[in-house]
Structures are given as C-alpha cells and as structure tokens.
Amino acid sequence: MSKEESPKNPLSDWLHLQADFQARLADETLRYLRRLQGAAAPVTPGTVLVPEDGSELTARTKSGGSFEITLDVKNYQRVHAMAAPALDPMVSSSGITWYPEAEFSPEFSLVAPDESIKFVLRVNVPAILPSGTYIGALSLRGLRQQIFRISVDVSGSKAADRQSHLSENKRGTAEKRKARTAKSRQAKRS
C-alpha cells in the first residue's frame with residue numbers, strides 16, 4: 001500500500017485544522033486591534049502634531065466616488081518601528097464633519113532602519129456628502145514624521161448639496177423659532 005492509498009490520520013487532519021484556525025484567528029485579531037487603535041486615537045489629550053512643510057496630500061473626487069493616495073515613507077530612526085497610518089475626521093469650511101472609512105494597504109508594517117515602505121490609502125466618498133473642500137490629517141504613528149495635512153476637494157451631487165441646503169434652512173428656521181419663543185417669554189415676564 002503506498003502513502004497515497006493509505007487512509008488519512010484523523011489526528012493529523014485535526015492538528016492541521018487547528019493550526020489553520022489559530023493562524024486566521026491571529027490575523028483577524030490583529031486587524032481588529034488595528035481598527036480599534038485608529039478609533040481610539042492613540043494620542044493623549046493635549047498632544048499637538050504639526051505637519052512639516054511640503055507634507056500636504058491632496059485629492060479630488062465626486063460624491064459617491066472614491067480616491068486613492070500613495071504615501072512613500074522612510075524610517076530614519078536607528079531602530080525598527082511599527083508604522084500605523086490613521087485618517088482623522090475631515091471638516092469643511094461650513095462645519096460639515098466627515099468620518100471617512102479608510103482602507104490602508106498594508107494596514108500596518110514593521111519598518112527596518114533606513115527602509116522605505118509604500119502605504120496606499122483608499123477612501124470611498126458617501127453619495128450624500130455635499131461638495132466642498134474637506135481638511136483633515138493623516139497620521140502615521142510610530143515613525144518620526146508623524147502627520148500629514150490632507151485636503152480633499154469633493155464635487156457633490158446636486159441631491160447632496162440640496163439636502164445640505166435644506167438642512168441649513170431647517171436649522172435657521174429652528175433658530176428663528178427659538179428666538180421668537182424667547183422674546184415672547186421675555187415679553188410675558190415684563
């Protein structure tokens with residue numbers, strides 16, 4: 001009887017399945033922890049990160065579209081460093097705040113001294129996002145150059161812009177109503 005014809009060992013199959021499961025569990029756990037790290041903003045309150053001159057990243061897209069930015073980074077430190085990119089909330093001049101869902105490739109990396117690495121950032125823009133310029137920060141924790149200013153010009157769909165305009169009108173109407181109510185209360189007191 002040759003090896004190919006012999007019955008499989010159930011214990012061997014079980015050990016193989018266990019090893020495969022453990023490897024997938026470790027990979028998913030690291031992904032989860034990486035996303036959790038980005039959500040928890042691993043900087044302490046009061047920390048100020050200042051982008052260096054020439055470190056602005058720009059993109060153009062439409063509402064409902066997407067954009068991609070490639071970032072080449074070099075570790076100038078004398079030790080290995082864990083590079084972990086995170087995209088902070090983006091804000092327009094009108095105060096609209098957008099929390100982009102960013103996908104990084106790779107999600108994080110151990111970078112050797114004097115080694116360079118390329119990160120690719122992919123972002124899908126919600127269809128309801130009104131047009132405007134959104135400013136935020138791309139922070140790269142673990143390396144000396146820690147933050148990049150990011151500016152995204154979004155040409156919105158007419159429906160998104162109309163919805164934003166309606167929301168502003170509703171907010172203005174509600175504020176006028178509150179002001180009238182306050183005046184009538186004050187008049188009643190007098």
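Pairwise over distinct Cα atoms, reciprocal of the mean inverse distance: report the Kirkwood radius of the stretch 56-169 in Å, one decimal place.
15.1 Å
For V154, what is the net charge nearby, where nearby means another residue's Cβ is under 10 Å from its Cβ and Lys, Arg count +1, Asp, Glu -1?
+1
Taking amide H positions as placed in the peptide plane 1.01 Å from N, state which residues far from A127 in sequence (5 or more) or on other chains have amide H under 5 Å from it.
Under 5 Å from the amide H of A127 lie the amide H atoms of G64, each far enough along the sequence or on another chain.
So what's the net charge close to L57: Lys and Arg +1, Asp and Glu -1, counting the other residues with Cβ under 13 Å from its Cβ?
Summing Lys and Arg as +1 and Asp and Glu as -1 gives -4.
At a Cα cut-off below 19 Å, give the aspartates and glutamates reachable from K8, other chains included and same-chain residues fewer than 8 away excluded.
Cross-link targets: D20.
Could you give me the ³J(HN,Hα) list for the stretch 87-95, computed from phi with Karplus coefficients 6.51, -1.76, 1.60 and θ = phi - 60°, whole Hz, x at Gly and Pro?
Each residue of the stretch 87-95 in turn: 9, 7, x, 10, 10, 8, 5, 8, x Hz.
Under 5 Å between amide H atoms, partner at least 5 residues away or on a different chain: which partners does F148 have, H built in plane at 1.01 Å?
The list, which skips near neighbours in sequence, is L138, S139, L140.
Every read-out reported here was derived from the displayed coordinates using simple, explicitly stated rules and does not represent laboratory data. Please read all numbers here as calculations on a predicted model, not as lab measurements. All Cβ positions, even for glycine, are placed from backbone atoms using ideal geometry, and neighbour counts span all protein chains on display.
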